[in-house]
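What follows is a set of notes on a single structure, which appears directly below.
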Amino acid sequence: MKVLLWHVHGSWTTAFVQGRHEYLLPVVEAPGGSGRSPDGLGRARTWDWPASAREVTPEQLRDEDVDVVVLQRPRDLELVREWLGREPGRDLPAVFLEHNAPGLEPGDGPVPHTRHPMADQSAIPIVHVTYFNELFYDNGRAPTTVIEHGIVDPGERYTGELPHAAVVTNEPVRRGRTVGADLLPGLASAAPVDVFGMGLSGLHERYGLDPARVTLHDDPPQAAMHAELARRRVYVHPVRWTSLGLSLLEAMHLGLPVVGLATTEAVEAVPAEAGVLSTRPDRLWAAVRELVHDEDAARIAGKAARAAALDRYGLDRFLRDWDALLGEVTR
């Protein structure tokens, strides 16, 4: 098939474009030559995508025989109508992929009463990435399904040679308590911390973090980040409210043990033998100290984490599930 989708979530798309289809990624230049617009980011620059994921301008898209569109924002509906002159769900098979947990976007409304923006129609199914999200959204009369995440296996690369805790987060200064940025001082008291992600500038100042205890690694390429994560002793997931961080699943694939908040879908993703989940920060910091000082325990928990991640979040299962759904909506 020719699948139209936008580059909205780089890590998720990395897995999706590993399938056997052609993936059409719109490219739109931002006004004033300031880069690319959110309406068309094209291919990723810090992820490795196959040649079957190719860039198209809106003008080129008109000459493509698109079979199905994967919508990810209400705005995508307008762009399909404008660029292709087709109505998603009627003239063009479509699904709406929901990445987020309810309540994360402005205007979402209070949880658990958040009504999904596609709730008032039944022509386009909503695809949630976790059962938690499907449960907590008010999906109205829209048909729903869940296709859990899949990960391109980076391999078991864990060495744990550095007695540090690793955290991956994007824009923690802006997102604050949502991603648990306020918990970093407590974590830093338990172990040296390496924070990886985008938009890290100002994090030390915002939360009074000691640069000698908290090191920032701003926007590394995915392969480089995986190599560095694997050298840290434990992965920490301090996020209060999220869909399910793909970086958590990548760390598990690498073989890192996990310490994290027992919130949203993390309680399903991380089995007891893979680390420690709790809603009590004091328990989490105690677990970090224990794993940092007990290399054998950390390695054993990391192997359990990898086994669980391969079993539930393997790439082959993910692609099979998507093939089945795309086959159904185009049938």
Checklist entry - How much of the calculated P(r) for segment 1-138 lies past 22 Å, in percent of all Cα pairs? => result 40 percent
Checklist entry - If one takes the longest principal axis of the Cα atoms in the chain, at what angle in degrees, from 0 to 90 and to the nearest 10, does the Cα axis of helix 315-330 lie? => result 20 degrees
Item to check | Charge tally in the Cβ shell below 12 Å around PRO257, where Lys, Arg are +1 and Asp, Glu are -1, PRO257 excluded | outcome: 0
Next on the checklist: For Cα pairs less than 8 Å apart in space and 6+ apart in sequence, what is the mean separation divided by the residue count of segment 59-157, i.e. the relative contact order in percent?
Outcome noted: 22 percent
Next on the checklist: Quick one: the Cα spread of the chain along its three principal axes, in angstroms, biggest first?
Outcome noted: 60, 42, 37
Item to check | segment 160-217: C-alpha gyration tensor shape, a/c 1.5 cut-off, then a/b vs b/c | outcome: prolate
Checklist entry - Out of the DSSP beta bridges found with both residues in segment 1-105, what percent are antiparallel (nearest 5)? => result 10 percent
Item to check | Cα-derived Rg over Rh, computed across segment 232-331 with Rh taken as Kirkwood radius | outcome: 1.08
Next on the checklist: Tell me the carbon and sulfur percent of the accessible area for the chain, rounded to whole percent, probe radius 1.4 Å.
Outcome noted: 49 percent
Checklist entry - Among bridges DSSP assigns within the chain, what percent are antiparallel (round to 5)? => result 5 percent
Item to check | Accessible surface, per residue, of segment 139-223 when the full set of protein chains is kept, probe 1.4 Å, Å² | outcome: 44 Å²
Checklist outcome for this item: Note, TRP12: beta-carbon cut-off 13 Å, +1 each Lys/Arg, -1 each Asp/Glu, net -3
Next on the checklist: Using only the alpha-carbon atoms of segment 64-111 as identical scatterers, what base-10 log of I(q)/I(0) does the Debye formula give at q = 0.26 Å⁻¹?
Outcome noted: -0.93
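The values are calculated or read from the model by the stated rules, or taken from the named source; none is laboratory data. No experiment lies behind these values; they were computed from the predicted model shown. Don't worry about glycine lacking a Cβ; one is built from the backbone with ideal geometry, like all the others, and counts go over all protein chains shown. Surface areas here come from the heavy atoms of the whole protein model, side chains and all, with no ligands, DNA or RNA. Shrake-Rupley method; radii C 1.70, N 1.55, O 1.52, S 1.80 Å.
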